[in-house]
Amino acid sequence: MTALPAVTEGEELPALELTPDLGQVIRFCGLTWVFPAFFYDVEAARAQGMPGTLLPGPLKLGLIYRAIDDWLGDRGFIRHVRAAHRRPDITGRPITVAGRVARVYEEDGAQRADLELAVLNERGEPSVRGFAVVQFHP
Amino acid sequence: MIDQTLLTDEVRALVGRAGEPAPVRVTRRAAERAMDVYYGHHNGAVATDGTVKGVVLAALENESESIRYPDLLPDGLLISNEWEFSRPLRLDEELIVQSRLVDINERFGGRFGYSLYFRSDAEFRDSTGEIVARSVRTMMQYDAASARDGAEE
């Protein structure tokens, strides 16, 4: 049996504080070739009852990935990351990606950890509940 | 308010429908553009061992033929999405991507009233046929006129 990685259950990931702007959203739309008007046109967003353009859900998944990657570094790789979208986030408003190590374990001969994550809006409310599995290099 | 299922046999028969497999290459450009979007820079887009960040999946999955499903209700929301990797992706490897409609469910009541859930995925296989990555999303269809105000569901 190999040694468990130097992470402990309950360890918190460094908070990733961001204010995604319209330029980042437009680059995301170009990358994924997805262009719903409420991502970049404030009038289209208001017609949906939103106070401003919406931050795309798949963009938030990638920001959760980044927060994990910033913490994990070259110690391993991200096997799974999931985002359950609960509330819309408005482009140009601050968000924070927060997380903690929920479980450290061995599986299929590899050292792994489950992470619980969230995207918090400026009021501290979770707009996304996240979950991830990382695998540590031997 | 809808109180009868819209999941007819015809709709249920859509489960399992798959698009045509399509080849896709993990290019440096895709890796750098994905990093630019999510990290604000592309330093380290390709590691010294030739692996790339998993966010590259966002640039690759639109190469697959997306699965169309019927608009049974007027409004739509992304409920969840996820990425899975059996190993890090490598620069210049060629993968085959294929999309599928995995499941359709329904829910009566709740914040959104009657709603339908369409779960689809895109599988990425390497040259040996092994699944190396998978992107999954669940879209909800609902009728905003039947939804009630509220915060977290």
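Every number here is computed from the coordinates shown, using simple stated rules; none is lab data. Model, not experiment: these values are computed from the prediction. Cβ placement follows ideal geometry from the backbone for every residue including glycine, while neighbour counts extend to all protein chains displayed.
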- Query: Going 7 Å from the Cα of B:ARG87 toward and past its Cβ, which residues in the stretch B:27-54 have a backbone nitrogen under 17 Å from where you end up?
  - Reply: B:47-54
- Label-reachable residues, the stretch B:60-74, where backbone N falls under 19 Å from a point 7 Å from A:MET50's Cα toward its Cβ: B:74
- Message: Run the helix sum for chain B: -39,500 (n - 2.57) per DSSP H stretch of 4+ residues, divided by residue count, reported at 222 nm to the nearest 500 deg cm²/dmol.
- Response: -3000 deg cm²/dmol
- Neighbouring partner chain Cβ atoms per residue of A:21-33, average, 10 Å criterion: 3
- Cα-based helix-to-principal-axis angle, A:22-32 vs chain A, degrees rounded to 10: 70
- Per DSSP H run of n ≥ 4, the term is -39500 (n - 2.57); total these for chain A, divide by its residue number, and report the mean residue ellipticity at 222 nm rounded to 500 deg cm²/dmol. -7000 deg cm²/dmol
- For B:43-55, mean number of other protein chain Cβ atoms within 10 Å: 2
- Query: Tilt of helix B:28-39 relative to the longest C-alpha principal axis of chain B, in degrees (0 to 90, nearest 10)?
  - Reply: 60
- Approximate spin-label separation B:LEU14-B:ASN43, in nm, with each point projected 7 Å along Cα-to-Cβ: 4.6
- What percent do you get for the relative contact order of chain A when only Cα pairs under 8 Å and 6+ apart count? 29
- Note on the structure: Listing A:LEU117, B:LEU14 by rising number of other beta-carbon atoms within 10 angstrom, fewest first, gives B:LEU14, A:LEU117
- Cβ-based exposure ranking for B:HIS41, A:HIS85, A:HIS80, in which fewest neighbours within 10 Å come first: B:HIS41, A:HIS80, A:HIS85
- Item | Cα shape, the stretch B:18-146, gyration tensor, a/c 1.5 rule | prolate
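Exposure proxy check: A:TRP71, B:TRP83 ranked by fewest other beta carbons within 10 Å?
Fewest-to-most ranking of A:TRP71, B:TRP83: A:TRP71, B:TRP83.
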- Query: Of the residues B:VAL24, B:VAL55, B:VAL37, which exhibits the maximal mean-square fluctuation in a Gaussian network model of chain B defined by a 10 Å Cα contact cut-off?
  - Reply: B:VAL37
- Item | chain A: Cα Rg divided by the 2.2 N^0.38 Å rule of thumb | 1.17
